[in-house]
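The values are calculated or read from the model by the stated rules, or taken from the named source; none is laboratory data. Computed from a prediction, not measured in an experiment: that's the story for all the values here. No Cβ is skipped: glycine too gets one built from the backbone with ideal geometry, and neighbour counts run over all protein chains shown. Just so you know, the surface numbers come from the protein's heavy atoms only, side chains and all, with ligands and any DNA or RNA stripped out. Shrake-Rupley method; radii C 1.70, N 1.55, O 1.52, S 1.80 Å.
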Amino acid sequence: MADYDFDVLVIGAGPGGYVAAIRAAQLGLKTACVESRATLGGTCLNVGCIPSKAMLHASELFEEAASGKLAKLGIKGTVELDLETMHAQRRDAVKGLTGGIEYLFKKNKVEWLKGHAAFTSADTVDVAGKSYRAKNIVIATGSSVTPLPGITVDNEAQIIVDSTGALELAKVPGHMVVIGGGVIGLELGSVWKRLGAKVTVVEYLDQILPGMDGEIRKEANKVFKKQGIQFKLSTKVTGAEVKDGKAVLTVEPSAGGDAETIDADVVLVSIGRRPNTDGLALDKAGLSVNGRGQVEIDHDFQTKVPGIWAIGDCVPGPMLAHKAEDEGIAVAENIAGLTGIVNHEIIPSVVYTMPEIAGVGLTEEQAKERGEIRVGKFPMMANSRAKTNHEGDGLVKVIADAKTDRVLGVWIIASLGGTMIAQAAQTMEFGGTSEDIAYTCHAHPTHSEALKEAAMAVQGKPIHI
Ligand code: FAD
Ligand code: NAI
């Protein structure tokens, strides 16, 4: 250790990096974490998962009251939007959680090196003019917004914004155009729709939510349309101009054809995210990135340079906080000589709209390609709790191997889909079957009974439909 400043130096304090640093310190390794942001927690806590969920939660409650849904339950009164307070509670949530990570760093004796890290060799990085040598370096630099060529995001001006700008809008736009019908577009589009904006989603592909099960994508599209979100599918944005405080977008069919213009008060550019690997001077460490800007790793999260590891959004795989966190734990355990494993086949994903859209494992399309399957479905409308709570939109779908009955994938559209999917992930992690779910006693009345009934449908014998 004499030559080294640290056993482990983690670059980036997002859910990947801060978790890796804490776990490494818990395992007795002398650990530092470099972060250039003023607060810890990365994209997720500062401008991602947490602030978006704060706005989704508050806007959902507002919409329930303002639309008369609560009046139907006998809760009457007029409501008024106080957007400033809504933003303040979002900032408070972020402050509380990012401060919490700082507390955890102190508690676990992780040293926070403030500044931007760049490699000077395979075991040395420069941070704020100082050089640090570490036995192990973990790259956890995350990702940032993918720009759309020809369209300039200016979050200050609040006309053409990215997700960070869309969280901070000072007033509800009259018309918001969302470019990209992915996770961010639907979550943040839902927030502003609920608060009163007209929302149009322009999506390049012929359906929203690429990567999810085909039937779920179609069903989600129907649910969002019913909520009043408008969609222009198979359409690409070719340009945007800001004129008199508004944006004028030029769009045309993805396959080519006549162009048209759309006026918008606010445009949200949400066409994906790309890894943060520029500015790290990877070449000085003997590393390079692949065609997608990602750092390539092996099963143990090791790069091709011994002692350099990488995790989270900057490596291949889904860009999700829980995937980054699990990789953070696993990489620290591997560095400590233990066996850290992440099962990348079973990473749940959730879109936190209302209803939530959740999935884990294979889509029906992927499962069919691999062999014979059996599929069981159950509509939320037939689930007593969801129906009672007026949350009947959606369904649960269980995909099982026709021969072994092992669960291959579960897809859910339901108000509590994000919570329900954990049971599916655990069943799959344990190699469970649809019969295992069907014969597990589920509390009544709960939304989770819909998962049991969908599993019973795989067996051919649901009770309530
Ligand atoms: P990041 O969280 O991006 O953290 C990387 C950190 O490294 C950053 O703080 C950055 O400042 C720092 N850094 C980068 N380079 C350097 C350097 N050279 N020196 C020092 N520091 C550096 N995922 C979910 O699972 N659930 C959600 O609900 C969800 N909601 C989201 C909502 C939005 C609006 C967005 C944008 C993302 C959301 N995500 C969500 C995705 C999630 O935020 C990311 O998957 C997650 O943050 C990735 O974690 P990470 O540790 O790999 O990187
Ligand atoms: P995304 O990859 O989810 O969706 C981008 C969408 O934009 C796709 O549907 C794509 O077809 C479309 N698109 C691409 N180019 C286009 C163009 N020129 N015109 C029109 N449409 C175009 O990316 P998004 O929503 O920006 O999110 C980025 C990442 O952040 C995701 O990978 C996601 O994993 C993560 N995230 C996760 C959340 C969650 O877990 N709840 C919430 C928010 C973000």
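Val177 satisfies every condition listed in (1) out of contact with any Phe, Trp or Tyr (no Cβ under 8 Å at 6 or more places or on another chain); (2) closer than 21 Å to Ala58 by Cα; (3) part of a strand (DSSP E or B) except (2).
For the stretch 226-244, a residue qualifies if it is among the β-branched types (Val, Ile, Thr), open to solvent by 40 Å² or more (accessible area, probe 1.4 Å) and under 18 Å from Leu205 (Cβ atoms), and exactly one does: Thr238.
Quick grid of which residues meet (1) touching a Leu at 6+ places or on another chain (Cβ under 9 Å); (2) open to solvent by 20 Å² or more (accessible area, probe 1.4 Å):
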{"site": "Ala367", "(1), (2)": "yes, no"}
{"site": "Glu372", "(1), (2)": "no, yes"}
{"site": "Met381", "(1), (2)": "yes, yes"}
{"site": "Ala386", "(1), (2)": "yes, no"}
{"site": "Leu408", "(1), (2)": "yes, yes"}
{"site": "Ile412", "(1), (2)": "yes, no"}
{"site": "Gly431", "(1), (2)": "no, yes"}
{"site": "Ala450", "(1), (2)": "yes, no"}
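Looking only at the stretch 131-166, filter to residues that are surrounded by fewer than 24 Cβ atoms within 10 Å (Cβ to Cβ) and at positive phi; which one of those is modelled with the lowest pLDDT? This residue is Gly150. Residues in the stretch 189-212 that are within 23 Å of Pro348 (Cβ to Cβ), open to solvent by less than 10 Å² (accessible area, probe 1.4 Å) and more than 8 Å from ligand 2 (Cβ to nearest atom): Gly189, Ser190, Val191. Pairs meeting the criteria (first residue in the stretch 257-286 and free of Cβ contacts under 8 Å to residues at least 24 places away in the same chain, second residue within 14 Å of ligand 2 (Cβ to nearest atom), beta carbons under 7 Å, at least 6 apart or on different chains) are Asp258/Glu252; Ala259/Thr238; Ala259/Thr250; Ala259/Val251; Ala259/Glu252; Glu260/Val251; Thr261/Leu249; Thr261/Thr250. Every condition in (1) under 23 Å from Leu61 (Cα atoms); (2) in contact with a Phe, Trp or Tyr (Cβ under 8 Å, 6 or more places away or on another chain); (3) surrounded by fewer than 21 Cβ atoms within 10 Å (Cβ to Cβ) is met by Leu186 except one, and the failing one is (3). Within the stretch 1-54, the residues that satisfy the criterion of being open to solvent by less than 20 Å² (accessible area, probe 1.4 Å) and polar (S, T, N, Q) are Thr31, Ser52.
Can you tell me which residues in the stretch 1-26 are outside any loop (DSSP other than H, G, I, E, B), within 14 Å of ligand 1 (Cβ to nearest atom) and hydrophobic (A, V, I, L, M, F, W, C)?
Those that are outside any loop (DSSP other than H, G, I, E, B), within 14 Å of ligand 1 (Cβ to nearest atom) and hydrophobic (A, V, I, L, M, F, W, C): Leu9, Val10, Ile11, Val19, Ala20, Ala21, Ile22.
Restricting attention to the stretch 1-23, the residues that are more than 15 Å from Ile101 (Cβ to Cβ) and either within 27 Å of the chain's Cα centre (by Cα) or of a type in the set (Lys, Arg) (or both) total 2.
Scanning the stretch 69-98 for residues that are among the β-branched types (Val, Ile, Thr) and touching a residue at least 40 places away in the same chain (Cβ under 8 Å) turns up Val94, Thr98.
Go through (1) within 13 Å of ligand 1 (Cβ to nearest atom); (2) among the basic types (Lys, Arg); (3) under 18 Å from Ala122 (Cα atoms) and name the single condition Arg274 misses. Single failed check for Arg274: (3).
Among the residues making up the stretch 319-344, those that are without any contact (Cβ under 8 Å) to a residue 40 or more places away in the chain and open to solvent by less than 60 Å² (accessible area, probe 1.4 Å) are Leu320, Lys323, Ala330, Asn334, Val342.
Exactly one residue among Val172, Val237 is within 16 Å of ligand 2 (Cβ to nearest atom) and more than 20 Å from the chain's Cα centre (by Cα), and that residue is Val237. Is it fair to say Lys106 is without any contact (Cβ under 8 Å) to a residue 40 or more places away in the chain, open to solvent by 40 Å² or more (accessible area, probe 1.4 Å) and under 25 Å from Trp309 (Cβ atoms)? It is true that Lys106 is without any contact (Cβ under 8 Å) to a residue 40 or more places away in the chain, open to solvent by 40 Å² or more (accessible area, probe 1.4 Å) and under 25 Å from Trp309 (Cβ atoms). Just one of the listed residues (Ile159, Ile75) is farther than 29 Å from Cys33 by Cβ and in contact with a Lys or Arg (Cβ under 8 Å, 6 or more places away or on another chain), and it is Ile159.
Any residue that is on the phi > 0 side of the Ramachandran plot, of a type outside the set (Gly, Ala, Ser) and within 16 Å of ligand 1 (Cβ to nearest atom) - is there at least one of those in the stretch 203-210? Checked the stretch 203-210: at least one residue is on the phi > 0 side of the Ramachandran plot, of a type outside the set (Gly, Ala, Ser) and within 16 Å of ligand 1 (Cβ to nearest atom). All of Val191, Val183 fail the test of being within 16 Å of ligand 1 (Cβ to nearest atom), at pLDDT 95 or above and out of contact with any strand residue (DSSP E or B) (no Cβ under 9 Å at 6 or more places or on another chain), apart from Val191. The C-beta contact set for the stretch 416-433 (first residue among the hydroxyl-bearing types (Ser, Thr, Tyr), second residue part of a helix (DSSP H, G or I) and surrounded by 15 or more Cβ atoms within 10 Å (Cβ to Cβ), distance under 7 angstrom, 6+ apart or interchain) comprises Thr427/Asp436; Thr427/Ile437.
Residues that are among the hydrophobic types (A, V, I, L, M, F, W, C) and touching a helix residue (DSSP H, G or I) at 6+ places or on another chain (Cβ under 6 Å) were ranked within the stretch 309-318; the one that is surrounded by the fewest Cβ atoms within 10 Å (Cβ to Cβ) is Trp309.
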